[in-house]
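The values are calculated or read from the model by the stated rules, or taken from the named source; none is laboratory data. Since this is a predicted model, take the numbers as computed values, not measurements. Don't worry about glycine lacking a Cβ; one is built from the backbone with ideal geometry, like all the others, and counts go over all protein chains shown. With ligands, DNA and RNA removed, areas are computed over all heavy atoms of the protein, side chains included. Shrake-Rupley method; radii C 1.70, N 1.55, O 1.52, S 1.80 Å.
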Amino acid sequence: MPKHETPLLDQLESGPWPSFVSEIKRQSEARHQKQNEVEYQIPVDVCDDVLGVLEMSYNDGTCHWKHGGIVGVFGYGGGVIGRYCDQPDKFPGVAHFHTVRVNQPAGKYYTTEYLRQLCDLWDFRGSGLTNMHGSTGDIVLLGTRTEQLEEIFGVLTHEMNQDLGGSGSNLRTPACCLGESRCEFACYDTQELCYQLTMEYQDELHRPAFPYKFKFKFDGCPNGCVASIARSDMSFIGTWRDEIRIDQEAVAAYIGGELKPNAGAHADGEWGPFDIQKEVIDLCPSQCMSLEDGKLVIDNKECVRCMHCINTMPRALRIGNDRGLSILVGAKAPILDGAQMSSLLVPFIKVEPPYDEIKEVIENVWDWWMEEGKNRERLGETIKRLSFQKLLEVTGIKPMPQHVQEPRHNPYIFWKEEEVPGGWQRDIKEFRKLHQR
Amino acid sequence: MAFIPSGYYNPDKPMENRITDIGPRYYEEFLPPVIKNNKGKWLWHEILDPGVLMHKAESGDEVYTVRCGSPRLLSVETIREICEIADKHCDGYVRFTTRNNIEFMVDSKDKLDALKEDLSSRKHPGGSYKFPIGGTGAGITNIVHTQGWIHCHTPASDASGTVKVVMDELFEEFQQMKMPAKLRIAMACCLNMCGAVHCSDIAILGYHRKPPIIDHEWLENLCEIPLAVAACPTGAIRPTKTKITTESGEEKEVKTVAIKQERCMFCGNCYTMCPALPLADKEGDGLVIMAGGKISNRISQPKFSKVVVAFIPNEPPRWPTLAKVMRKIVEAYAKNARKYERLGDWAERIGWERFFEICDLEFTHHLIDDFRDPAYYTWRQTTQFKF
C-alpha cells in the first residue's frame, strides 16, 4: 500500500523508456522490505515522500523545494546543495533533502566494487536515489539530512578514497570525454589532464573564492563529445597541426563499398551507395581535398580539422601525429547576459606533464577575473565587458588572425596613450599659437 | 532510527583525523583490462548495430560496447543490478556516458549476444525497459536534462517527466540510425540551463512568464536588497519602502523592492538571489522549444539553438503538446535534410522561413529577438528571402 496516491506519476511508468517513477518506487519498496535489517539513517519513507511531493507538483504545476541555505561539510564551501521541502508537515521524509556532489572518476568508468560501496553508503545514510550523473559530471547523491553530511564525507574520504565535487562560486568538478581510453580520435589524454588539473586545483574546487562558477571541460577532439565549447569557462579541445594520416588502400575500400562509411552510423537510412565526392570531398568546409587517380589528396595546410572526413572514413584517415589542444574561453548559458560560446585564446599548446604552460594560462586568467569580475559574472561576461584585448594582455598572448572570425567592423579603436607618438598630453598655449579662438 | 556515527567525525574535534582535498579516485583503477592495455592505441571503430560499438586496437584487441539508455535518476537498487550484470558479463567494469547512458563492455564478440539478451530482458513492473539498447550514430541518444520538480528550487517545468515523455515518443529513433545525422536533444527546466541546452539540435526549456510576486513582509529578512537589485539584468528592480499589514494584522512600513513589470523577462535570477521574489506559477510556466544548435566542429561551426516555439503549456503527466511538436520537428528533419546535415545546417540551407513552413510551426512576434545587441544581429538585412 503506497503512502501517497500518485495517479499522475503512475502514468509515467508505462512506455518503453526507463521510468524514473519506477526507479523511485523500486527504492521505496526495497527500503520498506529491508527496514527490519537496516537501521536507515534518514526516514525509511523518504522515497514515498519524494513521490508525494512530486505528485503535488504535477497537480499544481510548480515545484515544492526551497532555497538551500548554507549546509556543507567542515572546511568546504561547496559539494553539498542544501534543499528543504516547502511542505514539510505533509512530507516529513523529505523535510531536509540535501544533495551531495561526489567527484566522478575521469571518463566515468567504474568497478562494481566501488559502485557497491557507494550504494551501501547512500542506502544507509541517504535516500538511495542518485543521478548518474549530474550535468557537470558529478555523481549526484540525491537527498539526505544535515546531520548525515559529515558522516558521509567521513566514509567517502576514509573508506573510499573519494572526495566531494564542486558547487557554488568555485571551480566546478572538471569533466572530460573518455578520450584515449576508447577513442581513436583523441588528440591528448583527456582523463589524465582532467585528473591532474582537478588535483592541482583542489583548493579552488572546495573553497569558493571566485566571482561565480568556473568550469573546465576537456574534449579529446573537435567533435566535442562533452560540449566544452558550449558550457565551460575554459574549454580544452584536442587538435593537431601536422598531416592527416591516409591509408589509400582503405580509401579505395570505402570507395569500392567494402567498408561502411561513417563507421556504420547511417546503417538504417536509405542513403544508397557511398559517394566519396559528394559525402566527403564536397562537404569539406575548407575544400582542401580532391581525388587524383583514385588517390585521396589533402592539402593539409588548408585543413581546418573539422573531423568530417576522419569521422566518415575512420579506417582510412587518422588524426595527425603532432598533437595538442586548443584553449577556448568564456562559454556560458543565457543567465545573465545571453548565451556565449567559447572564444579561441590559445590555438595550440602541447599537453605534456607537468602541464606548466597550461597552468600558466589558467592562473593568469583567474588572477585577472578574480580581481576584475563582478559578483555573479562569468568569465565570458568579464571578457565582453573589459575586451578580448585585455584578456590577451593579462595572459601575455600575442594577437593573431586566429583570434577573430573577421576583423572589427567599426574603426572605434581604443588606442592607448603609449601607442601614439608624443602621448596624449598637449599644451593648449602651443596649440593657440597656430589656431585663434 | 538511532543515529549511528561513522566513527570518522568528532564534532568536538572536527579536525581530528580529517582527510580533505584528496580529489576523485584515479580513473586508471577503474579501466577494464582491454581498455587499459590499449589506451591511446585505438585504430578505428564501427557501429555493429544501434547501441553496439566495436573498437579495434593496434594490438588486434577488440572491445565491444553495448550502450543502454537510463532515466538518469537511478536508485541504488538499480545500480546494484547494473553491478550484477557487469559482474556476470563484463568482469566487474561498467561506465556511464556524458548523456547518462550506461555502457557495458566485453572483450570478445562471443560475449555479446548473452549480454544484449540479458539487458533487453529486464523490465520494470510498470512495463518500461530498464536497459534499452541504442543511442549511437545517426539517431537520437539519451536526453541530457536537469532536476526539474524533483529537486530544484527554480524550475518552470519538470525535467524527468518531460524527458520520459519525449523519449517514449521517439523511442524507435533511439534504437535506429536513420536520421540524416546525429540528433541531440537536451532539456533544462529553467534559464539557468544546467543542461546547456543552448547548443543542442533540439532543446526543451522550462520557462516562466510572470514577474515575481513580492513577499514584502519577509523580503528584508530573507534577502540582501542591494543584491536583489543588482541581480536584475534589465534593471527592473529598485529599492523602496511600502506600508503593509502583516499576517498578524500589524500595520507597518517595511524596506522592500519595487519591480517595473514590463521590463521583466522572467529569468528568475532575482529569485535565486532573493527567495522572497517567487515567480513560478501554474499558468505562467511552461516550455520553450529551441532548435538548430550544435557543439561539434564537424563540417559547420558550433552554433546556438534558436527559439522556434515560444510557449508550450505544462501538461503533466504526459505533456501531449510537447510530444507532438517534438515528433513534428524530428519527422520534418528526417524527411528533408541531407545525409550528414545537422538540424541547424538544414534550417540554414533552406532558410528559416521554409523551416517554419515545413515543420508546420507558427511564427509569432515572440520569435523576433528584442534583447539588447543580440537582437540586431538576428534581424534580416537583405532582400534575399523566400516567399
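Tabulated results
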{"read-out": "Among (1) part of a helix (DSSP H, G or I); (2) over 19 Å from B:K282 (Cβ atoms); (3) within 9 Å of another protein chain (Cβ to nearest Cβ); (4) modelled with pLDDT of 95 or more, the one test that B:L227 misses", "value": "(4)"}
{"read-out": "Subset of the stretch B:156-172 (residues that are open to solvent by 10 Å² or more (accessible area, probe 1.4 Å), out of contact with any Pro (no Cβ under 6 Å at 6 or more places or on another chain) and under 17 Å from B:G137 (Cα atoms))", "value": "B:E172"}
{"read-out": "Residues satisfying the stated conditions in the stretch A:307-335, i.e. open to solvent by 40 Å² or more (accessible area, probe 1.4 Å) and of a type outside the set (D, E, K, R)", "value": "A:N321"}
{"read-out": "Residues (open to solvent by 10 Å² or more (accessible area, probe 1.4 Å), more than 10 Å from chain B (Cβ to nearest Cβ) and of a type in the set (A, V, I, L, M)) located in the stretch A:164-214", "value": "A:A209"}
{"read-out": "Scope the stretch A:340-353; condition in contact (Cβ under 8 Å) with a residue 40 or more places away in the chain and either open to solvent by less than 40 Å² (accessible area, probe 1.4 Å) or away from chain B (no Cβ under 14 Å) (or both); matching residues", "value": "A:Q340, A:M341, A:S342, A:L345, A:V346, A:P347, A:F348, A:V351, A:P353"}
{"read-out": "Answer residue from the stretch B:83-99, given it is open to solvent by less than 10 Å² (accessible area, probe 1.4 Å) and more than 7 Å from every other protein chain (Cβ to nearest Cβ) and is nearest to the chain's Cα centre (by Cα) among those", "value": "B:I85"}
{"read-out": "Tabulated pairs, the stretch A:401-426, first part of a loop (DSSP other than H, G, I, E, B), second of a type in the set (D, E) and open to solvent by less than 100 Å² (accessible area, probe 1.4 Å), C-beta under 8 angstrom, 6+ apart or interchain", "value": "A:G423/A:E417; A:W424/A:E417"}
{"read-out": "Extreme residue, nearest to B:W149 (Cα to Cα), among residues of the stretch A:52-93 that are more than 10 Å from chain B (Cβ to nearest Cβ) and among the aliphatic types (A, V, I, L, M)", "value": "A:V80"}
{"read-out": "Which numbered condition A:V351 fails, given (1) in contact with a helix residue (DSSP H, G or I) (Cβ under 8 Å, 6 or more places away or on another chain); (2) part of a helix (DSSP H, G or I); (3) aliphatic (A, V, I, L, M)", "value": "(2)"}
{"read-out": "Test: residue in the stretch B:210-223 that is over 30 Å from A:S135 (Cα atoms) and either within 17 Å of the chain's Cα centre (by Cα) or buried (at least 24 other Cβ atoms within 10 Å of the Cβ) (or both)", "value": "no"}
{"read-out": "Options A:L121, A:L156, A:L149, A:L115: the member that is more than 19 Å from the chain's Cα centre (by Cα) and within 7 Å of chain B (Cβ to nearest Cβ)", "value": "A:L115"}
{"read-out": "Which listed residue, of A:V361, A:V365, A:V420, is open to solvent by 40 Å² or more (accessible area, probe 1.4 Å) and hydrophobic (A, V, I, L, M, F, W, C)", "value": "A:V420"}
{"read-out": "Identity of the residue in the stretch B:142-178, of a type in the set (A, V, I, L, M, F, W, C) and more than 7 Å from chain A (Cβ to nearest Cβ), that ends up nearest to the chain's Cα centre (by Cα)", "value": "B:I143"}
{"read-out": "Enumeration of residues in the stretch B:46-67 that are part of a strand (DSSP E or B), facing chain A (nearest Cβ under 10 Å) and either under 20 Å from A:K108 (Cα atoms) or not aliphatic (A, V, I, L, M) (or both)", "value": "B:E46, B:D49, B:V52, B:L53, B:M54, B:H55, B:K56, B:V63, B:T65"}
{"read-out": "Residue that is modelled with the lowest pLDDT [pool: residues in the stretch A:72-103 that are under 24 Å from A:T190 (Cβ atoms) and open to solvent by less than 10 Å² (accessible area, probe 1.4 Å)]", "value": "A:G78"}
{"read-out": "Qualifying residue in the stretch A:95-115 (condition: of a type in the set (D, E) and more than 30 Å from B:E16 (Cβ to Cβ))", "value": "no"}
{"read-out": "Hits in the stretch B:109-124 - residues which are more than 7 Å from chain A (Cβ to nearest Cβ) and either under 23 Å from B:L73 (Cα atoms) or buried (at least 20 other Cβ atoms within 10 Å of the Cβ) (or both)", "value": "B:L115, B:K116, B:D118, B:L119, B:S120, B:S121, B:R122, B:K123"}
{"read-out": "Residue in the stretch B:250-269 that is touching an Asp or Glu at 6+ places or on another chain (Cβ under 9 Å), open to solvent by less than 80 Å² (accessible area, probe 1.4 Å) and of a type in the set (V, I, T) present", "value": "yes"}
{"read-out": "Which listed residue, of B:K386, B:K339, is more than 25 Å from the chain's Cα centre (by Cα), buried (at least 16 other Cβ atoms within 10 Å of the Cβ) and under 30 Å from B:A138 (Cβ atoms)", "value": "B:K339"}
{"read-out": "Meets criteria (within 9 Å of the chain's Cα centre (by Cα) and either β-branched (V, I, T) or not in a loop (DSSP other than H, G, I, E, B) (or both)) for B:M187", "value": "yes"}
{"read-out": "Residue within the stretch A:269-283 that is within 10 Å of chain B (Cβ to nearest Cβ) and among the β-branched types (V, I, T) present", "value": "yes"}
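Here's the yes/no breakdown for (1) touching a helix residue (DSSP H, G or I) at 6+ places or on another chain (Cβ under 6 Å); (2) under 21 Å from B:D345 (Cα atoms); (3) assigned to a loop (DSSP other than H, G, I, E, B):
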position	(1), (2), (3)
B:E262	no, no, no
B:F266	no, no, yes
B:A276	yes, no, yes
B:M290	no, yes, no
B:S300	yes, yes, yes
